[in-house]
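Only one structure is covered here, and it is reproduced in the block below.
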Amino acid sequence: MKRFLPDWFLTGMGVALVVAWFFPEPGASGGWLHPEISVKAGVALIFMLHGLLLSFAALRESTMRWPVHLVVQGCTFLFFPLVGLLLLPLLRNVLSPELLLGVFFLCALPSTVSSSVAMTAAARGNVAVAVFNATLSSLIGVVLTPLWISAVAVTTGQTLPLGEVIWDLVCWMVLPLVVGQLLRPLLLEWAWRNKARIHLADRLVILLLVYTSFCESVKRDVWADQEARSLVLVALLSVVLFYAAMHAVRMICRAAKMPVEDEIAAIFCGSKKTLAAGVPMAQLIFGASPAIGLILVPIMIYHPLQIIICSVLASRWARRSAA
């Protein structure tokens with residue numbers, strides 16, 4: 001039953017939303033948290049810590065397994081966004097424009113890193129393949145995610161300063177990742193000794209970003225016209241999206257006669273979407289938009305659902321592998 005209980009991070013997201021609802025002023029524009037500064041500093045810290053703990057030696061082990069890499073990245077950045085494009089006209093009269101953009105933002109996001117690797121290891125899949133694809137997905141997403149969002153913005157009559165957005169993502173996500181890698185020879189031993197504390201700091205910064213994201217939308221009263229049935233629909237869509245991606249990846253892997261270990265890694269990496277990078281990317285892509293809280297709702301619903309489903313799958317596949 002423990003796998004179905006929320007961990008402290010998921011509980012913390014709920015607390016951050018409640019605090020933002022009752023006390024939005026500190027995290028909104030002009031508040032004493034100064035989100036225009038703290039957000040970018042927090043994003044840089046998160047990705048520097050990721051770079052510090054990321055081993056490129058593990059990535060080299062899987063470089064040549066290009067068929068499984070094509071499946072994972074194709075599902076992440078082609079299958080999901082195309083499904084999102086199909087959903088836009090179907091949901092235009094059902095969801096608000098902000099939630100609709102949030103659904104597509106979910107589809108355009110890269111895969112997760114830590115949970116994809118952890119689930120693959122638990123299911124006795126190819127961990128090296130999971131590490132490679134999860135990391136590659138994060139780097140590709142710096143360019144492809146804003147490109148997809150820009151394409152959708154054009155169809156809705158909005159504009160997105162694409163060059164400026166990509167430059168911000170490079171400056172505040174990629175460069176700190178590189179800095180973390182450069183600091184590995186000096187700080188690697190310290191990082192491994194304090195891995196639990198680094199993970200805690202990473203999660204606390206994400207919760208701060210979640211809080212500031214919702215403060216502006218609460219202060220501007222963006223939630224006034226939202227209905228509960230819209231959130232239920234987003235939850236149902238999240239489940240459908242996950243299983244559609246999972247079965248698509250499984251069919252392709254089996255048609256290509258890939259090893260079971262590669263198939264497991266491909267399913268976990270190809271079907272998951274990142275909250276850890278999604279919140280910082282939303283902050284950098286959508287800036288101080290008061291609708292950013294609503295845009296983040298789909299990924300915040302998808303995140304716990306994918307953790308629960310993948311935990312059950314990992315447990316089942318691990319027993320099958322053991323047998």
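The values are calculated or read from the model by the stated rules, or taken from the named source; none is laboratory data. All of these numbers come straight from a predicted model, not from anything done at the bench. Here the Cβ is made from the backbone with ideal geometry for all residues, glycine too, and neighbour counts use every protein chain on show.
Brief remarks on what is shown
- Within the range 1-34, considering residues that are surrounded by 13 or more Cβ atoms within 10 Å (Cβ to Cβ) and part of a loop (DSSP other than H, G, I, E, B), the one modelled with the lowest pLDDT: Pro6
- When we screen Val103, Val94 for residues that are in contact (Cβ under 8 Å) with a residue 40 or more places away in the chain, under 30 Å from Glu227 (Cα atoms) and surrounded by fewer than 15 Cβ atoms within 10 Å (Cβ to Cβ), the only hit is Val94.
- Restricted to the range 225-252, and to residues there that are of a type in the set (Val, Ile, Thr) and touching a residue at least 12 places away in the same chain (Cβ under 8 Å), the residue that is surrounded by the most Cβ atoms within 10 Å (Cβ to Cβ) is Val249.
- Contact map, the range 115-126: residues that are touching a residue at least 40 places away in the same chain (Cβ under 8 Å) and among the aliphatic types (A, V, I, L, M) paired with residues that are surrounded by fewer than 24 Cβ atoms within 10 Å (Cβ to Cβ) and not in a helix (DSSP H, G or I), Cβ distance under 7 Å, separation 6+ or inter-chain. No pairs are found.
- The residues of the range 113-134 that are at pLDDT 85 or above and under 18 Å from Pro176 (Cα atoms) amount to a single one, Ala134.
- If the condition is being outside any helix (DSSP H, G or I) and surrounded by fewer than 17 Cβ atoms within 10 Å (Cβ to Cβ), then the range 271-323 contributes Gly287, Ala288, Ala323.
- Of the residues making up the range 95-138, just one is part of a loop (DSSP other than H, G, I, E, B), among the small types (Gly, Ala, Ser) and under 17 Å from Phe79 (Cα atoms), namely Ser111.
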